[in-house]
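Asks: Can you keep this structure in mind? I'll have questions shortly.
The values are calculated or read from the model by the stated rules, or taken from the named source; none is laboratory data. This one's a predicted model, so the numbers in the text were calculated from it and none came from an experiment. Here the Cβ is made from the backbone with ideal geometry for all residues, glycine too, and neighbour counts use every protein chain on show. Protein only, heavy atoms only, side chains kept; ligands, DNA and RNA dropped before computing areas. Shrake-Rupley method; radii C 1.70, N 1.55, O 1.52, S 1.80 Å.
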Amino acid sequence: MRDYVVSNPLVQELDYPLRLAHERMRLLMDGMRAGLWGSAFFMGLVLAFFASQPWAPGWLVSQSVGMLLCGGVAWAYRRDARNYLHQRRWLILIHAVTLVRAASWGTLGLLIHPEQPLPLIILALSGMLGAMSVTAYTYSLSFSLSATNALIIALPAMLASLPLTAQMDWIKLLGLSGYLVFLMVCTRQVRASTLALIDLRLRAGELAKDRDHALKLARRNGRSKDRFLASVSHDLRTPLTGVLGLAQISLERSRNPQVRDNLGMIRLSCEHLLAIIDDLLDVASIEAGKVSVNPAPFDLAALAHDMQALLGPLARDKELGLTIDHELPPGVRLLSGDAKRLRQVVVNLVGNAIKFTTAGQVQVLLHATGQRLLIRVSDSGQGIADDMIERMFEPFEQASAPGQPGSGLGLAIVRELAQALRGEVRCTATSSAGSVFEFECPCPAVQATEPDTQPGEIWPLHGHVLLVEDDPVSALLAQGMLRKLGLSVTATSQGPLALQQLETCAFDCVLLDGHLPGLSGWEVARRWRAAERERGLPAVPILGTTADPMLSTKQQCLDAGMDDVLTKPYDLEALRGKLARLLSSETMSA
């Protein structure tokens with residue numbers, strides 16, 4: 001019965017008052033069915049010890065009829081899928097069938113008489129009181145039904161006590177009357193408690209339903225936001241890849257100082273726009289709990305040098321001094337940590353200090369103890385008001401500085417990265433003496449190993465690469481990089497043509513864009529991997545490229561059968577590093 005009611009979708013769609021009424025009726029039906037077991041047990045006692053009594057056959061027949069009626073009503077209620085539409089009709093039926101059984105139980109009261117044997121009096125009295133108690137409890141949700149049944153059971157014995165000529169008559173009348181009153185008081189209390197429990201359970205179900213709906217809505221909104229960010233990132237990164245690549249090529253070829261300065265400003269503007277895009281994606285990843293941390297050995301001195309080269313021009317543009325120092329324990333050169341995330345922390349903290357400093361200098365200290373790394377950034381800027389210090393770490397919050405550029409995401413990202421790196425970030429500031437930001441996280445020292453190549457050295461590669469890229473500018477840049485690495489290139493812009501090339505030519509590697517029009521790069525990879533398995537061919541390394549840096553997109557590339565992923569825009573070193581790992585040892589020069 002319980003499973004039937006819970007699984008009935010029609011009941012689940014009812015409004016709250018109707019569901020409450022339906023639940024009350026369901027419990028009444030359950031109570032009526034449960035009472036049948038008590039009746040069956042008592043009938044067994046009568047058959048075992050008093051079957052020869054003249055009243056026994058008639059009483060057993062009346063009980064059997066009442067039990068059949070109750071069982072039939074309960075069965076019909078269960079079979080009626082729309083029983084919630086006829087609550088009043090079912091309540092009338094319950095009254096009718098239970099009154100038949102109550103009258104049968106009430107006839108036992110006529111046996112409570114001094115002339116009857118004591119065992120029979122005990123049986124009749126226990127049957128009456130037991131039936132009154134059970135009906136009062138099982139039908140407590142309907143006080144009228146409970147009171148009517150109890151009264152009908154007790155009434156024959158009370159009437160038989162009249163005209164109160166013997167002491168036993170007084171005892172029987174007063175005892176049954178008192179017990180009846182006590183039973184009704186308890187019934188009201190049980191009814192109130194049961195209704196409260198029903199209400200609580202139904203409201204808990206409503207809350208669970210609302211929670212599930214809110215959770216589904218949040219997940220759907222989250223997926224929509226991820227798709228939107230991925231689409232925007234791809235649409236912005238694709239042209240930026242071309243602009244940055246062409247600017248870099250022009251910088252390498254031009255000898256005119258003015259042209260080189262202009263190209264440098266173009267490159268810096270594009271890199272700034274890429275940084276803002278990355279900040280937005282980082283915030284989305286952080287909110288989704290998808291921040292990836294990849295610890296590896298890194299050179300702290302090289303990190304400090306790179307940051308000086310990257311951030312120095314920003315400070316010079318504002319005529320500020322910028323010093324980035326590092327301190328290492330004796331004999332330590334390499335630390336273990338996520339250099340990319342640490343670089344992100346330094347860029348955000350130093351960029352924030354430069355932004356809000358109009359005169360003076362910004363000082364940066366990278367201090368390693370052998371177990372932890374402390375990044376301290378201090379400036380001589382305008383400082384931060386006390387009430388703004390905590391708010392500064394919230395997304396899109398900035399100090400009061402009209403006209404200052406930026407998305408207001410830098411410090412929020414630093415705080416979340418601190419949690420991802422198992423560290424902490426703190427700020428001390430005054431409204432007039434500048435501010436100090438400190439970032440601290442575990443970065444244990446590691447043993448240095450000899451590098452395979454010298455810094456800045458690019459070893460050429462050998463092999464034939466199939467380039468599949470639909471954007472003409474990105475394709476032009478990729479071909480230039482591949483040829484510069486010593487590779488021969490066959491280029492195509494469509495997925496079906498790429499599959500034809502793979503069928504007819506032998507390639508050492510495939511550089512495959514995932515976002516191809518029509519047949520996507522992911523589907524191309526899946527189809528070719530399936531063809532390799534069917535024909536027993538050796539697997540051709542596939543390097544996927546995408547302008548969408550979301551982790552879900554990278555995983556989609558790997559799931560499709562690509563061996564690695566390269567995010568646009570990429571430079572020559574990044575491309576060579578990926579290809580060198582994918583190509584066989586015979587394709588690399590010594």
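Asks: What number of residues within the range 467-483 are open to solvent by less than 40 Å² (accessible area, probe 1.4 Å) and of a type in the set (Val, Ile, Thr)?
Replies: Number satisfying all stated conditions: 1.
Asks: Another question, then. Would you pick out the residues in the range 167-207 that are surrounded by 14 or more Cβ atoms within 10 Å (Cβ to Cβ) and hydroxyl-bearing (Ser, Thr, Tyr)?
Replies: Scanning the range 167-207 gives Tyr179, Thr187, Thr194.
Asks: Can you tell me how many residues within the range 141-162 are touching a residue at least 60 places away in the same chain (Cβ under 8 Å) and touching a Gly at 6+ places or on another chain (Cβ under 9 Å)?
Replies: Pass one, the range 141-162, residues touching a residue at least 60 places away in the same chain (Cβ under 8 Å): 141-142, 145.
Within this subset, residues satisfying the condition of being touching a Gly at 6+ places or on another chain (Cβ under 9 Å) are 141.
Counting residues in the range 141-162 that are touching a residue at least 60 places away in the same chain (Cβ under 8 Å) and touching a Gly at 6+ places or on another chain (Cβ under 9 Å) gives 1.
Asks: Please go through the range 554-563 and give me each residue that is open to solvent by less than 10 Å² (accessible area, probe 1.4 Å) and not in a loop (DSSP other than H, G, I, E, B), ordered by number.
Replies: Answer for the range 554-563, where residues must be open to solvent by less than 10 Å² (accessible area, probe 1.4 Å) and not in a loop (DSSP other than H, G, I, E, B): just Cys557.
Asks: Take the range 65-122 and flag every residue that is open to solvent by 40 Å² or more (accessible area, probe 1.4 Å), small (Gly, Ala, Ser), at pLDDT 80 or above and in contact with a helix residue (DSSP H, G or I) (Cβ under 7 Å, 6 or more places away or on another chain).
Replies: Scanning the range 65-122 gives a single hit, Ala103.
Asks: Looking only at the range 325-343, which residues are open to solvent by less than 30 Å² (accessible area, probe 1.4 Å) and under 23 Å from Met265 (Cα atoms)?
Replies: Of everything in the range 325-343, nothing turns out to be open to solvent by less than 30 Å² (accessible area, probe 1.4 Å) and under 23 Å from Met265 (Cα atoms).
Asks: What number of residues within the range 514-524 satisfy the criterion of being in a helix (DSSP H, G or I) and under 15 Å from Leu497 (Cβ atoms)?
Replies: Our first condition is that a residue be in a helix (DSSP H, G or I); within the range 514-524, this holds for 521-524.
Next cut, under 15 Å from Leu497 (Cβ atoms) only: 521, 523-524.
Here the count works out to 3.
Asks: In contact with a helix residue (DSSP H, G or I) (Cβ under 7 Å, 6 or more places away or on another chain), closer than 30 Å to Thr135 by Cα and open to solvent by less than 70 Å² (accessible area, probe 1.4 Å), is that true of Thr238?
Replies: Values: in contact with a helix residue (DSSP H, G or I) (Cβ under 7 Å, 6 or more places away or on another chain): yes; closer than 30 Å to Thr135 by Cα: no; open to solvent by less than 70 Å² (accessible area, probe 1.4 Å): yes.
So Thr238 fails the test.
Asks: Somewhere in the range 484-492, is a residue open to solvent by 30 Å² or more (accessible area, probe 1.4 Å), in contact with a Ser or Thr (Cβ under 9 Å, 6 or more places away or on another chain), in a helix (DSSP H, G or I) and within 29 Å of Leu251 (Cα to Cα)?
Replies: Applying the first criterion (open to solvent by 30 Å² or more (accessible area, probe 1.4 Å)) to the range 484-492 yields 484, 486, 488, 490-491.
Right, trim to in contact with a Ser or Thr (Cβ under 9 Å, 6 or more places away or on another chain) and you get 486.
Pick out the ones that are also in a helix (DSSP H, G or I) and you get none.
No: zero hits.
Asks: Mind listing just one residue for me: the one in the range 360-372 that is modelled with pLDDT of 85 or more and not polar (S, T, N, Q) and, of those, nearest to Val293 (Cα to Cα)? Show your work before the answer.
Replies: Within the range 360-372, the subset modelled with pLDDT of 85 or more is 360-369, 371-372.
Filter again for not polar (S, T, N, Q), leaving 360, 362, 364-368, 372.
Working: Gly360: 35, Val362: 28, Val364: 23, Leu365: 23, Leu366: 20, His367: 21, Ala368: 19, Arg372: 16 Å.
The extreme case among them is Arg372.
Asks: Here's something else I'd like to know. Mind checking whether some residue in the range 567-584 is open to solvent by less than 20 Å² (accessible area, probe 1.4 Å), touching a Lys or Arg at 6+ places or on another chain (Cβ under 9 Å) and not in a helix (DSSP H, G or I)?
Replies: Yes: the range 567-584 contains one or more residues that are open to solvent by less than 20 Å² (accessible area, probe 1.4 Å), touching a Lys or Arg at 6+ places or on another chain (Cβ under 9 Å) and not in a helix (DSSP H, G or I).
Asks: Looking at (1) assigned to a loop (DSSP other than H, G, I, E, B); (2) closer than 23 Å to Pro239 by Cβ; (3) not polar (S, T, N, Q), can you tell me which one Leu537 breaks?
Replies: (2)
Asks: Search the range 40-64 for residues that are more than 15 Å from Trp105 (Cα to Cα) and pair each with any residue that is of a type outside the set (A, V, I, L, M) and surrounded by 13 or more Cβ atoms within 10 Å (Cβ to Cβ) when their beta-carbon atoms are under 7 Å apart and the residues are at least 6 apart or on different chains.
Replies: none
Asks: Something else about it: May I ask you to verify whether Ser146 is outside any helix (DSSP H, G or I) and small (Gly, Ala, Ser)?
Replies: Numbers: outside any helix (DSSP H, G or I): no; small (Gly, Ala, Ser): yes.
The answer is no for Ser146.
Asks: Working carefully through the options Ala530, Ala525, Ala498, Ala547, find the one that is free of Cβ contacts under 8 Å to residues at least 24 places away in the same chain and open to solvent by less than 60 Å² (accessible area, probe 1.4 Å). Walk me through how you get there before you give the answer.
Replies: Working: Ala525 fails: free of Cβ contacts under 8 Å to residues at least 24 places away in the same chain; Ala498 fails: free of Cβ contacts under 8 Å to residues at least 24 places away in the same chain; Ala547 fails: free of Cβ contacts under 8 Å to residues at least 24 places away in the same chain.
Within the list Ala530, Ala525, Ala498, Ala547, the selection yields Ala530.
Asks: Now for a different question. Being farther than 23 Å from Ser142 by Cα and not polar (S, T, N, Q), is that true of even one residue in the range 174-191? Can you show your working first?
Replies: Taking the range 174-191 and keeping what is farther than 23 Å from Ser142 by Cα, we get 174-175.
Next, from what is left, pick out any that are not polar (S, T, N, Q): 174-175.
Looking for residues that are farther than 23 Å from Ser142 by Cα and not polar (S, T, N, Q), one finds at least one in the range 174-191, hence yes.
Asks: Looking at Ala56, Ala48 in this structure, which one is open to solvent by 50 Å² or more (accessible area, probe 1.4 Å), modelled with pLDDT of 75 or more and of a type in the set (Gly, Ala, Ser)? Steps first, please.
Replies: Values: Ala56 fails: open to solvent by 50 Å² or more (accessible area, probe 1.4 Å).
Among Ala56, Ala48, only Ala48 is open to solvent by 50 Å² or more (accessible area, probe 1.4 Å), modelled with pLDDT of 75 or more and of a type in the set (Gly, Ala, Ser).
Asks: Just need a number here: residues in the range 125-163 that are within 19 Å of Arg26 (Cβ to Cβ), surrounded by fewer than 20 Cβ atoms within 10 Å (Cβ to Cβ) and not aliphatic (A, V, I, L, M).
Replies: The qualifying residues number 3.
Asks: Which residue, of Ala304, Ala309, is out of contact with any helix residue (DSSP H, G or I) (no Cβ under 6 Å at 6 or more places or on another chain), part of a helix (DSSP H, G or I) and touching a residue at least 60 places away in the same chain (Cβ under 8 Å)?
Replies: Working: Ala309 fails: touching a residue at least 60 places away in the same chain (Cβ under 8 Å).
So the residue among Ala304, Ala309 that is out of contact with any helix residue (DSSP H, G or I) (no Cβ under 6 Å at 6 or more places or on another chain), part of a helix (DSSP H, G or I) and touching a residue at least 60 places away in the same chain (Cβ under 8 Å) is Ala304.
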